[in-house]
Structures are given as structure tokens and as C-alpha cells.
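Working notes for the structure below.
The values are calculated or read from the model by the stated rules, or taken from the named source; none is laboratory data. This is a predicted model, so every value here is computed, not measured. Quick reminder, even Gly has a Cβ in these numbers, built from the backbone with ideal geometry, and neighbours come from all protein chains shown.
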Amino acid sequence: MRDGTEMTGPQAADPRGSGKDDAGPRLGVTLEPQSRNWMPMVIASAVILLVGAAVVMVMEHGRGVSRVLPITTATDPYAPNLPLTNLAMSDSTSLSGGKVTYLDGHIVNKGTATVTGILVQVLFRDYAHEVSQNETDPLMLIRMREPYIDVEPVSAAPLKPGAEQDFRLIFDRVSPDWDGAYPEVRIVRVVTK
């Protein structure tokens, strides 16, 4: 060139140094669109949906189904052998602002059979002594009290003859018409073995 040096390599072919033969980035050159493989995304989405459905099923499986029985439902024939005593009510407010009402008590099995399940009907009354709320739930036994109260179904710790245990019933909602008195608690079904 002018200074007497000779250029070699890709720039030697283009003395203006335009870089057309450069191996660097090529602006203005369009690449062929590549087809995307969507199969991994479809499989991952399906797996996430299946895992989510499985979690919901497991969480809902342990939850007792709340049914409402007529207030004229007879008590179970074994119920006189299971006196409910020391009833105490309390409530708490959750962080979301909801109010939860608790009914704690004590149960003794004075019968001769081992009890593996108890269904109770709880009747909240208004000031006219009419039923304002009718709940039917499985009785839950208190498993531990520290660091918090944890409950389990009677089937997890059956009540043998002579055994006694504290219990807790939990109500996420109580009728605003409730008169504030202790509700009526009736044992409507007992499962024994």
C-alpha cells in the first residue's frame, strides 16, 4: 500500500476496507427463520398441571365434608357413652381479617367399644331461640397444644373404652344472628370397632 506494507487476509481482497469479507457481525443480513420446537413447553405445562391437580386432591382428601342434617336428627345410640364436658369457646382473627370461632371441650368413652369416628351436629341459636346456624362436622381431637393447637380425626387416635381426650371444633363463619350463648352439640353418628 502507500507505506510499502502489503495487506494480507480478508482486507487484502477489498482495498477500501469496507469489511464485506470481515468475519464480524453482519448488519442488514436477515437470517432464515428457525422453527421452534414446542414439545418441551407442552410437556412441562402438562406436568405442572398434573402436579397442581395432585396437590389439590391430596389437600381436599383429608378435609371432612361438612353436611347439614335436619335439627330433628336423632342422636346415635352410643352417644350417651360419650359425654362432652368442659365446653369453652374462643375466637381469633386471621391476618386477612377473617374471624374463626373455636369450641373446645373434653370427651370420655364410658362405653365398651373402641370409637374410631364421631360426627357432631352443632346448633347455633338466635335470640328467639330459633336455629340460626346448623353445622355437622367430624369431631377433631387435640393432638398437641405447643407451639400451637393441632387437631386430628378420631380415626387417627381411636378412643378405647375408658379413654378421654380434649377436642376442638373450628367454625370459619358463625351467623351474625347467633345470640352468643354456647351452641347445642349433639353426637349424631359414632363409628366403633
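Brief remarks follow.
- A single entry from Ala163, Ala156, Ala181 fulfils the requirement of being aliphatic (A, V, I, L, M) and under 14 Å from Ile107 (Cα atoms): Ala163.
- Flag if Ile48 is part of a loop (DSSP other than H, G, I, E, B), modelled with pLDDT of 65 or more and among the hydrophobic types (A, V, I, L, M, F, W, C): no
- Checked against (1) hydrophobic (A, V, I, L, M, F, W, C); (2) within 19 Å of Ser155 (Cβ to Cβ); (3) over 21 Å from the mean Cα position of the chain (by Cα), Leu141 passes all but a single condition, namely (3).
- Residue in region 174-190 that is surrounded by the fewest Cβ atoms within 10 Å (Cβ to Cβ), counting only those that are assigned to a loop (DSSP other than H, G, I, E, B) and either free of Cβ contacts under 8 Å to residues at least 40 places away in the same chain or touching a Phe, Trp or Tyr at 6+ places or on another chain (Cβ under 7 Å) (or both): Pro176
- Some residue of region 92-115 being exposed (fewer than 10 other Cβ atoms within 10 Å of the Cβ), modelled with pLDDT under 85 and of a type outside the set (S, T, N, Q): yes
- On the stretch given as region 151-173, residues that are free of Cβ contacts under 8 Å to residues at least 40 places away in the same chain, surrounded by 16 or more Cβ atoms within 10 Å (Cβ to Cβ) and part of a loop (DSSP other than H, G, I, E, B) total 0.
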